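The values are calculated or read from the model by the stated rules, or taken from the named source; none is laboratory data. Nothing here was measured: the structure is a model prediction, and the numbers come from that model. Using ideal geometry, Cβ is built from the backbone for each residue, glycine included, and neighbour counts are taken over all protein chains shown. Protein only, heavy atoms only, side chains kept; ligands, DNA and RNA dropped before computing areas. Shrake-Rupley method; radii C 1.70, N 1.55, O 1.52, S 1.80 Å.
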Amino acid sequence: MSDDLRSAVAAGTLGAEENYAELLQSIVEVARAIFRAKASSIFLLDEETDELVFEAVAGEGSDELVGRRFPSSTGIAGFVLVSRQPLVIEDVLTDPRFSRETAESTGFVPKGLMAVPLLHDERALGVLEVLDRPSDARFTLAEMELLGLFANQAAIALDLLRRARRAQGALAGDGDLAVIARIAEKLDRRGDDEDGDASAAAEFLAALEKIL
(Lines give C-alpha, C1' and ligand atoms only; values in the text may rest on other atoms or scores of the structure.)
Protein backbone atom coordinates (compact mmCIF):
# COMPACT_ATOMS: atom_id res chain seq x y z
CA MET A 1 0.00 0.00 0.00
CA SER A 2 1.36 3.45 -0.89
CA ASP A 3 2.12 6.02 1.79
CA ASP A 4 -0.67 8.25 0.49
CA LEU A 5 -3.18 5.41 0.66
CA ARG A 6 -2.06 4.53 4.19
CA SER A 7 -2.62 8.15 5.14
CA ALA A 8 -6.08 8.09 3.64
CA VAL A 9 -7.06 5.00 5.62
CA ALA A 10 -5.39 6.37 8.73
CA ALA A 11 -7.50 9.50 8.49
CA GLY A 12 -10.43 7.46 9.72
CA THR A 13 -8.58 5.75 12.56
CA LEU A 14 -6.05 8.18 14.02
CA GLY A 15 -6.92 10.42 16.93
CA ALA A 16 -7.23 14.17 16.57
CA GLU A 17 -3.95 16.04 16.33
CA GLU A 18 -5.01 18.11 19.33
CA ASN A 19 -4.58 15.02 21.50
CA TYR A 20 -0.98 14.55 20.40
CA ALA A 21 -0.23 18.26 20.75
CA GLU A 22 -1.51 18.09 24.33
CA LEU A 23 0.72 15.08 24.98
CA LEU A 24 3.77 16.95 23.69
CA GLN A 25 2.87 19.91 25.89
CA SER A 26 2.63 17.68 28.94
CA ILE A 27 6.08 16.23 28.16
CA VAL A 28 7.80 19.63 28.07
CA GLU A 29 6.00 20.75 31.22
CA VAL A 30 7.05 17.66 33.16
CA ALA A 31 10.62 17.85 31.79
CA ARG A 32 10.87 21.47 32.88
CA ALA A 33 9.60 20.61 36.36
CA ILE A 34 11.82 17.54 36.81
CA PHE A 35 14.99 19.37 35.78
CA ARG A 36 13.93 22.61 37.54
CA ALA A 37 14.61 24.46 34.29
CA LYS A 38 13.45 27.85 33.12
CA ALA A 39 12.10 26.43 29.88
CA SER A 40 11.69 23.30 27.81
CA SER A 41 10.70 22.92 24.17
CA ILE A 42 10.05 20.37 21.44
CA PHE A 43 10.85 21.07 17.80
CA LEU A 44 9.37 19.20 14.85
CA LEU A 45 11.31 18.87 11.60
CA ASP A 46 9.18 20.02 8.68
CA GLU A 47 10.74 17.99 5.89
CA GLU A 48 8.97 19.90 3.12
CA THR A 49 10.43 23.27 4.13
CA ASP A 50 13.55 21.91 5.88
CA GLU A 51 12.69 23.91 9.00
CA LEU A 52 12.44 23.23 12.71
CA VAL A 53 9.09 24.26 14.18
CA PHE A 54 8.29 24.96 17.83
CA GLU A 55 5.56 22.40 18.60
CA ALA A 56 5.44 22.65 22.41
CA VAL A 57 6.99 25.11 24.86
CA ALA A 58 6.90 25.29 28.66
CA GLY A 59 8.21 28.24 30.67
CA GLU A 60 9.95 31.14 28.94
CA GLY A 61 8.34 31.93 25.60
CA SER A 62 5.43 29.52 26.02
CA ASP A 63 2.85 32.12 25.01
CA GLU A 64 4.25 33.15 21.64
CA LEU A 65 6.77 30.59 20.34
CA VAL A 66 4.56 27.66 19.25
CA GLY A 67 4.50 27.65 15.47
CA ARG A 68 7.68 29.72 15.06
CA ARG A 69 10.11 28.37 12.45
CA PHE A 70 13.78 28.56 11.62
CA PRO A 71 16.13 26.69 9.22
CA SER A 72 16.83 23.14 10.38
CA SER A 73 20.59 23.69 10.30
CA THR A 74 20.42 26.60 12.75
CA GLY A 75 22.10 26.59 16.15
CA ILE A 76 22.48 23.80 18.64
CA ALA A 77 19.06 22.31 17.89
CA GLY A 78 20.07 22.00 14.24
CA PHE A 79 23.37 20.37 15.18
CA VAL A 80 21.65 17.83 17.44
CA LEU A 81 19.11 17.03 14.71
CA VAL A 82 21.81 16.34 12.10
CA SER A 83 24.31 14.60 14.37
CA ARG A 84 21.65 12.60 16.24
CA GLN A 85 23.72 13.03 19.37
CA PRO A 86 22.56 14.54 22.70
CA LEU A 87 24.39 17.59 24.00
CA VAL A 88 24.84 19.17 27.41
CA ILE A 89 26.28 22.68 27.32
CA GLU A 90 26.87 24.65 30.50
CA ASP A 91 27.70 27.95 28.77
CA VAL A 92 26.14 28.31 25.33
CA LEU A 93 27.75 31.70 24.71
CA THR A 94 31.15 30.03 24.40
CA ASP A 95 29.90 27.36 21.98
CA PRO A 96 30.37 28.16 18.27
CA ARG A 97 27.27 26.12 17.40
CA PHE A 98 25.01 28.44 19.38
CA SER A 99 22.99 30.95 17.33
CA ARG A 100 22.55 34.00 19.55
CA GLU A 101 20.60 35.79 16.82
CA THR A 102 18.01 33.01 16.71
CA ALA A 103 17.80 32.88 20.50
CA GLU A 104 17.33 36.64 20.75
CA SER A 105 14.53 36.48 18.20
CA THR A 106 12.63 34.22 20.61
CA GLY A 107 13.00 36.69 23.45
CA PHE A 108 14.99 34.32 25.65
CA VAL A 109 18.75 33.72 25.55
CA PRO A 110 19.65 30.74 27.74
CA LYS A 111 22.89 30.29 29.63
CA GLY A 112 23.00 26.53 29.38
CA LEU A 113 20.96 23.73 27.85
CA MET A 114 20.45 20.03 27.33
CA ALA A 115 19.31 18.88 23.89
CA VAL A 116 18.47 15.42 22.60
CA PRO A 117 17.32 14.25 19.15
CA LEU A 118 13.87 12.71 18.80
CA LEU A 119 14.35 9.50 16.83
CA HIS A 120 11.65 7.13 15.61
CA ASP A 121 12.26 4.19 13.27
CA GLU A 122 15.74 5.54 12.48
CA ARG A 123 14.31 8.92 11.46
CA ALA A 124 15.18 12.19 13.15
CA LEU A 125 11.81 13.83 13.78
CA GLY A 126 12.88 16.76 15.92
CA VAL A 127 14.68 17.90 19.05
CA LEU A 128 13.86 18.19 22.76
CA GLU A 129 15.60 20.96 24.71
CA VAL A 130 15.74 21.77 28.40
CA LEU A 131 17.05 25.28 29.09
CA ASP A 132 18.76 26.80 32.12
CA ARG A 133 18.76 24.30 34.94
CA PRO A 134 19.84 25.66 38.36
CA SER A 135 23.47 26.78 38.26
CA ASP A 136 24.37 24.57 41.23
CA ALA A 137 22.99 21.39 39.59
CA ARG A 138 25.70 19.13 38.19
CA PHE A 139 24.67 17.01 35.23
CA THR A 140 24.77 13.27 35.94
CA LEU A 141 24.47 10.04 33.99
CA ALA A 142 21.12 9.41 35.66
CA GLU A 143 19.86 12.72 34.30
CA MET A 144 20.97 11.76 30.80
CA GLU A 145 19.05 8.49 31.09
CA LEU A 146 15.99 10.39 32.31
CA LEU A 147 16.28 12.84 29.44
CA GLY A 148 16.44 9.86 27.08
CA LEU A 149 13.15 8.55 28.48
CA PHE A 150 11.51 11.90 27.86
CA ALA A 151 12.93 11.86 24.33
CA ASN A 152 11.49 8.41 23.62
CA GLN A 153 8.01 9.49 24.67
CA ALA A 154 8.29 12.76 22.77
CA ALA A 155 9.41 10.96 19.59
CA ILE A 156 6.38 8.67 19.71
CA ALA A 157 4.02 11.60 20.24
CA LEU A 158 5.72 13.61 17.49
CA ASP A 159 5.40 10.73 15.04
CA LEU A 160 1.69 10.38 15.85
CA LEU A 161 1.23 14.13 15.36
CA ARG A 162 2.88 13.97 11.93
CA ARG A 163 0.75 10.99 10.93
CA ALA A 164 -2.43 12.68 12.12
CA ARG A 165 -1.69 15.81 10.11
CA ARG A 166 -0.91 13.82 7.00
CA ALA A 167 -4.04 11.75 7.47
CA GLN A 168 -6.21 14.82 7.93
CA GLY A 169 -4.69 16.24 4.76
CA ALA A 170 -5.86 13.15 2.88
CA LEU A 171 -9.30 13.40 4.46
CA ALA A 172 -9.68 17.04 3.44
CA GLY A 173 -8.82 16.43 -0.22
CA ASP A 174 -11.14 16.02 -3.19
CA GLY A 175 -9.69 13.01 -4.98
CA ASP A 176 -10.01 9.23 -4.67
CA LEU A 177 -7.87 9.16 -1.53
CA ALA A 178 -10.26 11.56 0.17
CA VAL A 179 -13.16 9.22 -0.64
CA ILE A 180 -11.24 6.28 0.87
CA ALA A 181 -10.44 8.36 3.93
CA ARG A 182 -14.08 9.22 4.48
CA ILE A 183 -15.11 5.59 4.09
CA ALA A 184 -12.49 4.56 6.64
CA GLU A 185 -13.68 7.29 8.99
CA LYS A 186 -17.30 6.10 8.85
CA LEU A 187 -16.29 2.48 9.29
CA ASP A 188 -14.19 3.41 12.30
CA ARG A 189 -17.13 5.23 13.87
CA ARG A 190 -19.35 2.19 13.38
CA GLY A 191 -16.63 0.04 14.90
CA ASP A 192 -16.76 2.14 18.05
CA ASP A 193 -20.43 1.25 18.49
CA GLU A 194 -20.46 -2.53 18.06
CA ASP A 195 -17.87 -5.31 18.01
CA GLY A 196 -19.45 -6.83 14.94
CA ASP A 197 -19.14 -3.57 13.06
CA ALA A 198 -15.49 -3.32 14.07
CA SER A 199 -14.77 -6.75 12.64
CA ALA A 200 -16.61 -5.96 9.43
CA ALA A 201 -14.74 -2.67 9.09
CA ALA A 202 -11.40 -4.40 9.52
CA GLU A 203 -12.28 -7.03 6.89
CA PHE A 204 -13.40 -4.36 4.45
CA LEU A 205 -10.21 -2.36 4.81
CA ALA A 206 -8.11 -5.53 4.41
CA ALA A 207 -9.97 -6.35 1.20
CA LEU A 208 -9.56 -2.79 -0.01
CA GLU A 209 -5.80 -3.02 0.51
CA LYS A 210 -5.61 -6.20 -1.59
CA ILE A 211 -7.54 -4.59 -4.44
CA LEU A 212 -5.46 -1.42 -4.41
For this session: Kindly establish whether residue 95 is of a type in the set (Asp, Glu) and open to solvent by 30 Å² or more (accessible area, probe 1.4 Å).
Result: no
Problem set entry | Yes/no for residue 128 being at pLDDT 95 or above and within 19 Å of residue 31 (Cβ to Cβ) | yes
Exercise. Of the residues that sit in the range 1-13 and are among the hydrophobic types (A, V, I, L, M, F, W, C) and surrounded by fewer than 22 Cβ atoms within 10 Å (Cβ to Cβ), which one is modelled with the highest pLDDT?
Worked result: 10
For this session: Of all residues in the range 30-67, count the ones that are without any contact (Cβ under 8 Å) to a residue 60 or more places away in the chain and more than 14 Å from the chain's Cα centre (by Cα).
Result: 10
Exercise. Taking the range 109-128 only, how many residues are more than 14 Å from residue 148 (Cβ to Cβ) and part of a strand (DSSP E or B)?
Worked result: 5
